[in-house]
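Enquirer: Please read through the structure below; I'll follow up with questions.
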Protein chains: 2
Amino acid sequence: MIHKQKVRRSTRQRRLILDAVKDSLNHPSASDIYATLADSGIGIATIYRQLSALVEDGEIGSFEYQGEVRYDPIVQPHAHIVCSKCDKIWDVALPKGINNLAPTNDSFENFDVDLTWKGVCNDCR
Amino acid sequence: MIHKQKVRRSTRQRRLILDAVKDSLNHPSASDIYATLADSGIGIATIYRQLSALVEDGEIGSFEYQGEVRYDPIVQPHAHIVCSKCDKIWDVALPKGINNLAPTNDSFENFDVDLTWKGVCNDCR
DNA sequence: ATCACTATTGATAATGAATATCATTATCTT
DNA sequence: AAGATAATGATATTCATTATCAATAGTGAT
């Protein structure tokens, strides 16, 4: 017997958290979103729960950097550039044709790329 | 006045930790190394300290995956494949010419690539 | 070898991100 | 409106990692 699909409910908290990520420009962490929504009264546990759920539902993107998960309003595949001095993160297009360079063969089915360029940004030099 | 260079001492602990990473095959975490060296009596703080120092000194590599830092005996630039089911990690060559695809321009000096392919391995299918 | 200097160690407390628990609240379907 | 249950918020807990600090042990000079 197949597992019954758990229905996702639309709550005030979920909407606010989604909007906060969609409106973000700095690849916020969970605590960044918590701070942004400070006067909403949303608990920190809900922030974590909904961020995970939104990623799972494909509404937002995520990646980890410096020991914490960062969230991304952009869901289309793309790469990042990070400055190792100031830890700022920029979005950048994936190199054209990168998927053709994937090590896919009959022993591994490949479906996602995580690409980050690390360097020093202009401001830090 | 230039900062005085702090001299790195060669200790029993450092040698054992370096050897453990160099002999590893599974991209071990700090606690993996701690477990491997359980009967050496090395404290967990020293494991963390020396792993960081070894990375800083360019003796080993590191990257983060699933909320923890993994260490790598290979220091040459290379990519990883991870299985999202069993979390196993494989080494794989960087796509040839990837550095020519870097978004380097006069506002960002690029010196490192972090590339991970994510998929499902043969065993998990 | 011994000395003096100080980097390193080990035990442990502390931090910080993320998850688990659970009684209460709010959504959704009928 | 009512029943079923997903979601919430407060908080305890877990887990990886770092900070603290007295004791120990490399290292270079004598």
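Enquirer: Of all residues in the stretch B:15-65, how many are aromatic (Phe, Trp, Tyr) and more than 11 Å from the chain's Cα centre (by Cα)?
Expert: Total meeting the criteria: 2.
Enquirer: If I filter the stretch A:84-112 down to residues being in contact with a helix residue (DSSP H, G or I) (Cβ under 6 Å, 6 or more places away or on another chain) and open to solvent by less than 70 Å² (accessible area, probe 1.4 Å), which single residue comes out as farthest from the other protein chains (Cβ to nearest Cβ)?
Expert: It comes out as A:Cys86.
Enquirer: Another question, then. Given the criterion free of Cβ contacts under 8 Å to residues at least 40 places away in the same chain, acidic (Asp, Glu), more than 22 Å from B:Leu115 (Cα to Cα) and touching a Ser or Thr at 6+ places or on another chain (Cβ under 9 Å), identify the matching residue among A:Asp19, A:Asp32, A:Asp112.
Expert: When all the criteria are applied, what remains is A:Asp32.
Enquirer: Being more than 10 Å from DNA strand D (Cβ to nearest atom), open to solvent by 50 Å² or more (accessible area, probe 1.4 Å) and closer than 23 Å to B:Trp117 by Cβ is the filter here, so list the residues in the stretch A:59-83 that pass it.
Expert: Correct list: A:Ser62, A:Glu64, A:Glu68, A:Val69, A:Ile74, A:Val75, A:Gln76, A:Pro77.
Enquirer: Out of the residues in the stretch B:17-35 that are of a type outside the set (A, V, I, L, M) and in a helix (DSSP H, G or I), which is surrounded by the most Cβ atoms within 10 Å (Cβ to Cβ)?
Expert: The extreme case among them is B:Tyr34.
Enquirer: Could you say whether any residue in the stretch B:44-63 is closer than 16 Å to B:Gln13 by Cβ, touching a residue at least 40 places away in the same chain (Cβ under 8 Å) and not in a loop (DSSP other than H, G, I, E, B)?
Expert: Yes - at least one qualifying residue is present in the stretch B:44-63.
The values are calculated or read from the model by the stated rules, or taken from the named source; none is laboratory data. Predicted, not measured: the structure shown is a model, and the values here were computed from it. Every residue, glycine as well, gets a Cβ built from its backbone with ideal geometry; the counts of neighbours run over all protein chains shown. Areas reflect the complete protein model, heavy atoms only, side chains present, ligands, DNA and RNA absent. Shrake-Rupley method; radii C 1.70, N 1.55, O 1.52, S 1.80 Å.
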